[in-house]
Amino acid sequence: MTLIKTRKGWEIPESRVTPEEVYTDRRQFMKKLTGLGVGAYALLNGCSENPSQAQDQSVWRSIPEAEGVYPVSRNAKFTLDLAITREDIAASYNNFYEFTTDKDRVWQLAEQFETRPWQIEVTGLVHKKQTFDIDELINTMPLEERVYRHRCVEAWSMVVPWTGFPFKALIDKVEPTSDAKFVRMVTFLRPEQAVGQRTQNWYPWPYHEALTMAEAVNELTMLVTGIFGHALPNQHGAPIRLITPWKYGYKSIKSIVQIEFVREQPATFWNTAAPSEYDIVSNVNPKVPHPRWSQATEQDINTGERIPTLPFNGYGEYVAHLYQG
Ligand SMILES: Nc1nc2c(c(=O)[nH]1)N[C@H]1C(S)=C(S)[C@@H](COP(=O)(O)O)O[C@H]1N2
Ligand SMILES: [Mo]
């Protein structure tokens, strides 16, 4: 019997730091990099003279299969009157617990992760069960770019141009039966390639999430394969991840390997890990505080500014009707 009380992972999700500390850490990290000299900074962040024009070259691992696919044209309906977050900032401030809980180290620890070959099994209550090769999807689905707000439950946010296709386009291919009420999605389980899955054994790996059918077919819901006009780099969830912009970021499951249509409400990773802190629906709501912090405002990681949080992250016109009554 052990007399030492170790803190369980789920007692400190998603992270024990406050948003202010998170931001300060990041600034210090950037300073540290700068301290290595301009050459190292440019190498690590892929930028030349002007950091505001950062074009990542080292943070992105180029994927030959994706050449010629990106960029694709932006859907004019989904643009925002907000500055897009700097690419190198978005790419070095990630949540991807399979690798680490240190947001500014995910990109490094995920760099060697293998995203080819990659298949997505679509199964459960559908007429046409299918396993898709990732490149088959990328080459056949209707890709478009959309600029969305991205709001983490930890009260930070960014504005990101995603490339992907509506989840509904995939659902139409497999034809769910009338018994299908929920969609369950699962991330890879590869402890040999993902150090966080080896060392943080208190989490219910593999990461899993779920949506109702109505949420899955909503116009906003996307399966995403690209960001900033190129293929998704590993730290953002390569080769394919979910985006539901009206929900907290943890619903947007990365690196999906399985999609299953089911009758009963499935368990979800964060709700299982800490049910009192993370519900299953997880819609962005400034009026409902997290048990340990307010959700009334958020910190824009691009500018450091604190801005008001919007109901449904600003997407109420598309989704509020789903939650009436
Ligand atoms: N498989 C998996 N998906 C995940 C996570 C994770 O740890 N593992 N973190 C989530 C959280 S908390 C957020 S905020 C977003 C972050 O996405 P980004 O790093 O691309 O900004 O991914 C979500 N998807
Ligand atoms: Mo998050």
Find the residue count for the stretch 113-171, including only residues that are farther than 30 Å from residue 311 by Cα and not aliphatic (A, V, I, L, M). 21
For residue 251, only one of the following conditions fails: (1) charged (D, E, K, R); (2) over 18 Å from residue 151 (Cα atoms); (3) surrounded by 23 or more Cβ atoms within 10 Å (Cβ to Cβ). What is its number? (2)
Only residues in the stretch 138-158 that are farther than 20 Å from residue 87 by Cβ count as the first member; pair them with residues that are among the charged types (D, E, K, R) and within 16 Å of ligand 2 (Cβ to nearest atom), Cβ under 7 angstrom, at least 6 apart or cross-chain, and list the lot. 153/14; 154/14; 155/298
Does residue 224 satisfy being within 12 Å of the chain's Cα centre (by Cα), within 16 Å of ligand 2 (Cβ to nearest atom) and surrounded by fewer than 22 Cβ atoms within 10 Å (Cβ to Cβ)? no
In the stretch 148-194, which residues are away from ligand 2 (no atom under 16 Å from the Cβ) and among the polar types (S, T, N, Q)? 163, 177, 178, 193
Which is closer than 27 Å to residue 231 by Cβ, loosely packed, with under 15 Cβ neighbours inside 10 Å and more than 20 Å from the chain's Cα centre (by Cα), of 192, 175? 192
Matching option when the condition is among the hydrophobic types (A, V, I, L, M, F, W, C), out of contact with any His (no Cβ under 7 Å at 6 or more places or on another chain) and under 27 Å from residue 129 (Cβ atoms), among 240, 301: 240
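Residue-by-condition table, conditions (1) in a helix (DSSP H, G or I); (2) surrounded by 21 or more Cβ atoms within 10 Å (Cβ to Cβ); (3) touching a strand residue (DSSP E or B) at 6+ places or on another chain (Cβ under 7 Å); (4) among the basic types (Lys, Arg):
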position	(1), (2), (3), (4)
105	yes, no, no, yes
111	no, no, no, no
131	no, no, yes, no
154	no, yes, no, no
159	no, no, yes, no
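Taken together, the values in this text are just the output of simple stated rules run on the coordinates, not laboratory data. If you're wondering where the values come from, they're calculated on a predicted model, not measured in any experiment. Methodologically, a virtual Cβ is constructed for each residue, glycine included, from the backbone with ideal geometry; neighbour enumeration extends over all protein chains shown.
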